[in-house]
Amino acid sequence: MRTYYTLFLFLFLGVACSEAQNTENYSLVSTQEFSKMVEDESIQLIDVRTPGEYGGGTIAHAENIDYLGGNFEAKVKELNLEQPIYLFCQSGGRSKKASDQLLKLGAKEVIELDGGYGAWQSR
């Protein structure tokens, strides 16, 4: 029984360390910071909202990869995971989930807009 507890402890610590490493590669930034960052048109700027939301307005040069769509993971694998990925959704819920998914898929750096497109429009 002691062996099972020890094994569980090592697995738990491994997962915890893995999650801690991922948070080092993740940033949640204000609209002011994000605005400066996205001036560079060469960055990977991803709008993870639905195509309908995207069609209603987005940040200039953003590519739409719907987090709720069935092909999110496949589309993400087409990105350069070695370069920073900037992303947003409507209010922050989906983009946080998308950020976590990107980091699990090997993204080196993810920068998320705090408050999403709603905050962007209110700035």
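Every read-out reported here was derived from the displayed coordinates using simple, explicitly stated rules and does not represent laboratory data. Since the structure is predicted, the reported quantities are computational estimates derived from the model, not experimental observations. Cβ sites come from the backbone with ideal geometry, for glycine too, and all protein chains shown count toward neighbours.
Show me the ranking of peptides 104-114, 29-39 by mean Cβ neighbours inside 10 Å, starting with the highest.
Working: 104-114: 18.3, 29-39: 14.5.
Highest mean packing first, the order is 104-114, 29-39.
Going 7 Å from the Cα of Ser122 toward and past its Cβ, which residues in the stretch 82-105 have a backbone nitrogen under 18 Å from where you end up? Flagged as within label range: 88-96.
Count charges around Leu87 for me, please; just the other residues with Cβ under 13 Å from its Cβ, Lys/Arg as +1, Asp/Glu as -1. Before the final figure, lay out the partial values.
On the way: positive: Arg49, Lys75, Arg94, Lys96, Lys97; negative: Asp47, Glu63, Asp66, Asp100, Glu109, Glu112, Asp114.
With Lys, Arg at +1 and Asp, Glu at -1, the neighbours total -2.
Amide H contacts for Val110 (H built 1.01 Å from N in the peptide plane; partners 5 or more residues away or on another chain; cut-off under 5 Å): Tyr26, Ser27, Ile85.
Annotation: amide H-H contacts under 5 Å for Ala62 (H modelled 1.01 Å from N, sequence separation of 5 or more, or interchain): none. For the stretch 26-122, the relative contact order comes to 35 percent (Cα pairs under 8 Å, sequence separation of at least 6). In sequence order, the stretch 33-38 has phi-based couplings of 5, 4, 4, 5, 5, 7 Hz under the Karplus curve 6.51 cos²θ - 1.76 cosθ + 1.60, θ = phi - 60°, and Gly or Pro positions carry x.
Rounded to the nearest whole Hz, the Karplus-based 3J(HN,Hα) values (6.51 cos²θ - 1.76 cosθ + 1.60, θ = phi - 60°) of the stretch 105-110 follow the sequence 7, x, 4, 7, 7, 10, with x at glycine and proline.
Using the average count of surrounding beta-carbon atoms within 10 Å as a protection proxy, the listed peptides 50-60, 80-90 rank, highest first, as 80-90, 50-60. Computed over neighbours whose Cβ is under 15 Å from that of Tyr117, the net charge equals -2, Lys and Arg +1, Asp and Glu -1.
Scalar couplings 3J(HN,Hα) for the stretch 60-66, obtained by applying the Karplus form with A = 6.51, B = -1.76, C = 1.60 to θ = phi - 60°, are 3, 6, 7, 9, 8, 10, 5 Hz; x denotes Gly and Pro. Calculated from the alpha-carbon coordinates, the stretch 26-122 shows an Rg and a Dmax of 11.8, 32 Å respectively.
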